[in-house]
Each structure stands twice: as structure tokens, then as C-alpha cells.
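Structure first, then comments.
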Amino acid sequence: MKISTFLLSTLLSSAALAQTPCQTGRYADDVYSNVTLSSNIVYGSNTSFSGSTTSLTLDFYEPAADTSVARPLIIWVHGGSFLGGTKTDADVQSLSNRFAKKGYACASINYRTGFFPIDSANAIKAVLRATQDLKASIRFFYKDRATANMYKIDTNRIFIGGSSAGAITALHVAYLDKDCEIEDYVNATNLAALGGMEGASGNPGYSTKVVGVINLCGALGRYSWLEAGDVPLASVHGTADGTVKYNRGVVNPGVALMYLDGSRLLLERSCALNHPHKLYTFPGADHVPYAGSTATEIAYMDTTANFVRDFLVHQLGCTNADLQPANPPAENAFLYPINYCDGSPVNETCVLGLTESEQQEMSIYPNPASSDLTIVCESAGTKNLSIVDLSGRVVMEKTMNSGTMTISVEGFKNGTYFIRLVDIDSQNAITKQLVIQ
């Protein structure tokens with residue numbers, strides 16, 4: 001029986017159309033040779049730390065001659081300690097080009113940078129401004145999909161990620177979602193003055209929902225902000241990162257800025273919640289080891305891109321084999337004993353900005369403070385009280401014999417500190433964050 005040329009052509013075309021992008025190699029392989037770049041697209045504006053109006057722009061990368069009308073999008077956020085950096089930094093350019101060749105659309109955004117004085121209180125405000133701008137860029141693509149649809153984005157498949165400060169920004173957009181979580185850092189009055197959690201950087205009324213986060217050498221204010229049901233996470237981090245700590249510590253790009261929980265702590269939290277999270281550890285590597293043009297740095301970037309590729313294809317429902325499976329971290333890399341999900345992490349929840357244990361054990365007021373500070377501890381027994389700044393320096397030590405103590409903090413510099421109580425008998429410790437302004 002003969003089949004007409006027209007019918008054969010129709011059948012072949014139908015078969016090709018029936019193939020999913022995964023079956024054609026899209027998302028997993030470099031199915032495009034060239035990338036089209038559209039630069040300096042305005043997605044919003046807002047006021048900088050110095051009070052000037054700042055136009056917010058992005059660069060858009062897409063596969064050349066792509067005919068897809070609903071593409072997954074990755075929004076990349078550059079690093080720079082919230083003081084500098086741009087959307088054209090080499091690492092975000094490389095990632096954008098690499099993933100555009102695999103069939104993704106990518107956007108690399110500029111966001112408001114800079115703060116002064118350079119201290120922890122103003123650094124926290126800088127993080128908030130960055131999250132507001134990233135949210136505006138997400139809303140930009142939702143708005144475009146609902147109106148002109150110039151960029152052909154599938155808004156059900158938007159991922160956010162970045163490097164260093166960019167990763168910190170993406171993590172906070174995804175997992176900092178309650179006002180109570182930020183009250184220890186920015187009080188309600190200052191939060192409102194800054195534009196609230198969502199900000200006013202553009203495209204109001206549209207969604208900021210994303211489906212996954214790519215964390216490259218970043219950290220989160222508290223790992224308890226990551227909760228069951230939150231979007232999946234992929235992390236890459238070096239164990240010897242001296243800028244954004246792999247475990248938990250002070251972010252220090254030359255000056256101590258803020259105290260954050262790094263990728264290893266986020267993995268511990270994910271384990272406690274059965275939250276989908278993959279971590280690739282670079283044993284002995286410092287901060288952003290993939291940023292640069294040496295053979296070693298390029299090798300780090302190849303590993304990073306392959307690991308992110310594996311995460312993304314699985315989130316998109318593809319069944320491609322992993323190019324770079326998660327590795328077991330070095331045996332002595334942790335501050336606390338854990339190997340993958342074999343530890344016993346603490347499961348914290350937000351109660352008016354405090355963890356449940358802190359709510360029961362210790363309270364401090366006023367917070368923020370400027371002169372006298374009162375500490376109340378419900379448990380009996382003698383305790384050592386210490387106040388530590390973000391560089392890890394102990395700025396005050398006292399012995400607390402009763403349930404209440406009032407101290408003066410008038411001589412302290414403005415910024416974020418930590419109050420730590422250690423029970424002399426049991427050695428149980430309680431830590432509470434304090435803002436002085």
C-alpha cells in the first residue's frame with residue numbers, strides 16, 4: 001500500500017511536533033549554536049540609597065532563531081557585596097550564554113547597589129532593596145506574558161539564581177516571605193519606609209512566583225526561613241569560602257557586614273523538612289571559584305554549569321542522566337555532624353521574629369535599642385552573657401544571676417549584634433539578634 005508524499009510529510013511533521021523538548025535534547029544539551037542578546041531593557045525604577053531615582057535594566061539572552069512560544073526563564077543576579085557589580089559581570093554572562101544555548105531564555109539584571117555608612121544595618125537595607133528589584137523583574141515577565149508577550153516566557157517555569165550577593169538576593173526572594181522573619185533586622189517603621197517586602201520597583205499587581213532557586217556561594221539570614229513546601233533549591237559552595245561562609249558566619253568581603261547561614265546549613269534545614277535541595281561542595285575552594293578565565297576557574301565553571309543543568313532538567317520533568325551528581329562533602333567540612341541527610345537538624349519556626357525556643361527562653365527589649373537594654377530569661381541558674389558584633393568580636397561580657405538584667409549599650413556603634421546566654425551548669429546556649437541604632 002502506497003502512502004502519498006503529502007500524507008507522509010504530514011505524519012512526519014506530526015511526529016516531530018509530538019516530541020517533547022526533553023526528547024529533542026533541549027534543556028540538557030547545547031541545541032543552539034548562537035545566542036541573541038537584547039541589552040538594557042528597562043524593567044522598573046526606584047530610589048537608590050542616596051535618594052536618586054535609579055532606572056533598573058536587564059539584558060535578555062535567547063536562543064537565536066528559536067521558535068518556541070513558551071520558554072523557561074532563568075533570571076540571574078550578579079554579585080558584588082551589594083556595593084558594586086553589574087549585569088555584564090563575566091560569570092553571569094557566561095551562565096546566561098551557556099543556558100540560552102540549551103534552549104532557556106535568560107535575563108541578567110542590574111539592581112540597586114551601594115550603601116553608606118558601610119555597616120551591618122545599612123547592608124541589611126541593601127539586601128532588601130536588591131530583593132525588591134529582583135521581584136520587580138519577575139513581575140516584568142509576568143506582565144509581558146499577559147500583555148505584549150514579546151519575550152515568549154512560560155511563567156510557570158521561572159527560576160531565579162545568582163552568584164555571591166546575587167545568590168543571597170535570590171534566596172531571600174524565595175524564602176523570606178513573612179514580615180515577622182525580618183523584624184529582628186528591620187523594624188516595621190523602617191520596613192514601610194523602604195517600601196515593604198515587595199517594594200515599589202515596578203510592575204505592581206503581577207506575581208513573583210518562581211519554581212526554583214540556584215544558589216552559587218550564597219547564604220540566607222536564617223535557615224529556619226526555608227520551610228516545608230518551599231520551592232526546590234540547588235546550591236554550589238566551597239568549604240574554604242572566606243567571604244560568604246559555607247557553614248554559618250559573618251559575610252566579610254573586607255568588612256564585616258552580616259551574619260548568615262551558608263549552603264551547608266541550608267542543606268541541614270532541607271534535610272529536616274524533606275525539602276528538595278541538592279548541594280555540590282567544592283572542598284577547599286574559596287569564594288566564587290568559577291569566576292575567572294584561568295584553566296582552573298573554567299573547570300569550576302564547567303562543574304557548576306553541569307550541576308545546575310542537572311537540577312533544571314529534572315525540575316522540568318526531563319529524565320536525562322546527571323552530568324555532575326551531588327558529591328559527599330569532605331568529612332571534616334561541617335561545623336556540626338551531618339552527612340547528607342543523616343544529621344538531626346533543628347526544626348525552627350517563626351513566631352514574631354523569634355524561634356520557638358528563643359520565645360520561651362529569652363527576650364530582649366527594646367529591639368532596636370539605643371540606650372538601655374533589658375534581657376529577660378525564663379530559665380533558672382547562672383548564665384554567662386556576651387554581646388558579639390558581626391566580626392565575631394566580643395564587645396561585652398557579664399554574668400547574669402537573676403531572670404532580668406538591664407545593661408547600657410549607649411557606647412555601641414549602630415549595627416547588628418548577637419546576644420548569647422550560656423547556662424553555666426548545662427552549657428545550653430541561647431542566641432538572640434540585637435539591632436542598635
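The values are calculated or read from the model by the stated rules, or taken from the named source; none is laboratory data. Since the structure is predicted, the reported quantities are computational estimates derived from the model, not experimental observations. Glycine also receives a Cβ, built like all others from the backbone with ideal geometry; neighbour counts cover every protein chain displayed.
Brief remarks follow.
- Residue pairs whose Cβ atoms lie under 9 Å apart, sitting 6 or more positions apart in sequence or on different chains, and linking a residue in the range 261-282 that is charged (D, E, K, R) and surrounded by fewer than 24 Cβ atoms within 10 Å (Cβ to Cβ) to a partner that is in a loop (DSSP other than H, G, I, E, B) and at pLDDT 95 or above, are LYS278/PRO232.
- Checked against (1) crowded, with 24+ Cβ neighbours inside 10 Å; (2) at pLDDT below 95; (3) not basic (Lys, Arg), GLU62 passes all but condition (2).
- Residue count, the range 134-155 (criterion: acidic (Asp, Glu) and either in contact with an Asp or Glu (Cβ under 7 Å, 6 or more places away or on another chain) or in contact (Cβ under 8 Å) with a residue 40 or more places away in the chain (or both)): 1
- With respect to the conditions (1) among the hydrophobic types (A, V, I, L, M, F, W, C); (2) modelled with pLDDT of 95 or more; (3) under 21 Å from the mean Cα position of the chain (by Cα), ILE298 lacks only one, and its number is (3).
- Residue identified as modelled with pLDDT under 90 and in the same structural domain as TYR111 (by TED's automatic domain parsing) among GLU198, GLU183: GLU183
- Just one of (1) under 17 Å from ASN40 (Cβ atoms); (2) in contact with a Lys or Arg (Cβ under 8 Å, 6 or more places away or on another chain) fails for PRO63. It is (1).
- Within the option set GLY103, GLY79, being surrounded by 22 or more Cβ atoms within 10 Å (Cβ to Cβ), touching a strand residue (DSSP E or B) at 6+ places or on another chain (Cβ under 7 Å) and on the phi > 0 side of the Ramachandran plot holds for one residue only, GLY103.
- Qualifying positions in the range 30-41 - in a loop (DSSP other than H, G, I, E, B) and surrounded by 15 or more Cβ atoms within 10 Å (Cβ to Cβ): VAL31, TYR32
- Residues satisfying the stated conditions in the range 80-109, i.e. in a helix (DSSP H, G or I) and either out of contact with any Pro (no Cβ under 7 Å at 6 or more places or on another chain) or aromatic (Phe, Trp, Tyr) (or both): ALA90, ASP91, VAL92, GLN93, SER94, LEU95, SER96, ASN97, ARG98, PHE99
- Number of residues in the range 163-195 that are of a type in the set (Val, Ile, Thr), touching an Asp or Glu at 6+ places or on another chain (Cβ under 9 Å) and over 24 Å from THR304 (Cα atoms): the value is 0.
- Test: residue in the range 298-306 that is buried (at least 20 other Cβ atoms within 10 Å of the Cβ) and in a loop (DSSP other than H, G, I, E, B): no
- Of all the numbered requirements in (1) within 30 Å of PHE311 (Cβ to Cβ); (2) surrounded by 15 or more Cβ atoms within 10 Å (Cβ to Cβ); (3) not basic (Lys, Arg), GLU198 misses one, and that requirement is (2).
- Members of the range 110-149 that are within 16 Å of THR57 (Cα to Cα), over 20 Å from the mean Cα position of the chain (by Cα) and in a loop (DSSP other than H, G, I, E, B): none
- Among the residues examined, PRO289 qualifies as in the same structural domain as VAL211 (by TED's automatic domain parsing), without any contact (Cβ under 8 Å) to a residue 60 or more places away in the chain and crowded, with 20+ Cβ neighbours inside 10 Å.
- For the range 408-424, the set of residues classified as touching an Asp or Glu at 6+ places or on another chain (Cβ under 7 Å) and assigned to a strand (DSSP E or B) consists of SER408, GLY415, TYR417, listed by residue number.
- Where a residue in the range 77-92 is assigned by TED's automatic domain parsing to the domain that holds GLY162 and modelled with pLDDT of 95 or more and its partner, wherever it lies, is among the basic types (Lys, Arg) and surrounded by 20 or more Cβ atoms within 10 Å (Cβ to Cβ), with Cβ under 8 Å and at least six apart: HIS78/LYS87
- Residue match in the range 65-74 (condition: surrounded by fewer than 23 Cβ atoms within 10 Å (Cβ to Cβ) and under 18 Å from the mean Cα position of the chain (by Cα)): no
- Selection count where residues are buried (at least 19 other Cβ atoms within 10 Å of the Cβ) and farther than 16 Å from VAL231 by Cβ, scope the range 145-180: 7
- Of the residues making up the range 224-278, just one is under 14 Å from the mean Cα position of the chain (by Cα), polar (S, T, N, Q), within 22 Å of VAL308 (Cβ to Cβ) and part of a helix (DSSP H, G or I), namely SER263.
- Test: residue in the range 115-133 that is closer than 24 Å to LEU37 by Cα, of a type in the set (Lys, Arg), in contact (Cβ under 8 Å) with a residue 24 or more places away in the chain and surrounded by 21 or more Cβ atoms within 10 Å (Cβ to Cβ): no
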